[in-house]
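Values in this text are rule-based calculations from the coordinates and carry no lab data. Just so you know, these numbers come straight off a predicted model, no measurement behind them. Methodologically, a virtual Cβ is constructed for each residue, glycine included, from the backbone with ideal geometry; neighbour enumeration extends over all protein chains shown.
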Amino acid sequence: MTNGVPLAADADPFTPARRRMVEEQLRARGIRDRRVLDAMGAVPRHAFVDPGYHARAYGDHALPSEQGQTISQPYIVARMLELAELEATHRVLEIGTGTGYQTALLARLADRVYSVERVPSLVRGADQRLRALGVSNVILRHGDGTIGWQEFAPYDRVLVAAAAPRVPESLRAQLAEPGVLVIPVGGEERQHLEVWRREPSGRWEGRRYGECRFVPLLGRDAWPDPPPTIE
Ligand code: SAH
């Protein structure tokens, strides 16, 4: 008998790639929130992309998902989560479920996640993946997230994962006091992450962070649906 290294039967072959992602793309670029780093080290990102992209799932880039949408670059996801200053007791509204990857991360970082997606097939796909991973504190909904989700408001945190021309009014209105809203705002080509903090007094404070590039937020209080320019 040789002295081989024992292997767990359910070992995830992507664990080393995920660790590298956390070290080289997140920690090396200044992501410091311990809980965000742990969550990104734990959630299997490859489970949210097409098997054809598994080998690239932990790369330093966005990847295509269904319906011409994207799963954001790991660093941008981590940056948004860090800026949101999530706590384990929080109720979170997410706009733009997409593959459900960020939803799965939010589910680890907060108490309850309410997530809205405008493309029905994406809602179904995300629902299947989240169930398969045993995530149970998430409620998904098909609809226009620019009008928020009044039923469960107010939310301690609101995260928008698509590019908006401005902060939709309903999302402001559905944020708790205190509360934090994170959203990419700008043109179609590039945006900046904006963080809007609602103080207990009701006063608003906004801050602008680094540049990013998201697919457009399409809906009643954002870009018209379908998008304004097709090249
Ligand atoms: N965070 C996702 C990626 C989001 S991509 C992930 O981890 O996979 C942006 C998503 O926002 C797309 O799926 C797009 O369909 C959705 N979207 C665009 N406009 C929307 C709207 N008004 N309401 C809800 N979802 C919207």
> Between Glu85 and Tyr53, 0.36 nm times their residue separation minus their Cα-Cα distance comes to what?
Replying inline: 8.5 nm
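In what sequence, highest mean first, do 31-40, 141-150 appear when ranked by Cβ atoms within 10 angstrom?
Final packing ranking: 141-150, 31-40.
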> Rounded, prolate or oblate: which one fits the range 4-79, using the alpha carbon gyration tensor with axes a ≥ b ≥ c (rounded when a/c is under 1.5, else prolate when a/b beats b/c, else oblate)?
Replying inline: oblate
>> Explain nothing, just compute: Karplus ³J(HN,Hα) = 6.51 cos²θ - 1.76 cosθ + 1.60, θ = phi - 60°, for every residue of the range 36-48 in order, whole Hz, x for Gly and Pro.
In response: 5, 4, 5, 4, 6, x, 9, 6, x, 4, 4, 5, 9
> Could you give the nm distance between label points at Arg220 and Arg141, where each point is 7 Å from its Cα heading toward the beta carbon?
Replying inline: 1.1
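Roughly what % of DSSP beta bridges within the chain run antiparallel, to the nearest 5?
45
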> What is the helix-to-structure angle for 74-83, meaning the angle in degrees between its Cα long axis and the longest Cα principal axis of the chain, kept from 0 to 90 and rounded to the nearest 10?
Replying inline: 50
>> Amide H of Tyr114 versus every other amide H placed in the peptide plane: which residues, excluding those fewer than 5 positions away on the same chain, fall under 5 Å?
In response: Val92, Leu93, Glu94, Ile139
> Dipole magnitude of the range 1-95 about its Cα centre, charges +1 at Lys/Arg Cβ and -1 at Asp/Glu Cβ only, in debye to the nearest 20?
Replying inline: 260
> Angle between the Cα long axis of helix 120-132 and the longest principal axis of the chain, 0 to 90 degrees, nearest 10?
Replying inline: 40
>> Just want the ordering: Thr70, Thr99, Thr15, from fewest to most Cβ atoms lying within 10 Å of their own Cβ.
In response: Thr15, Thr70, Thr99
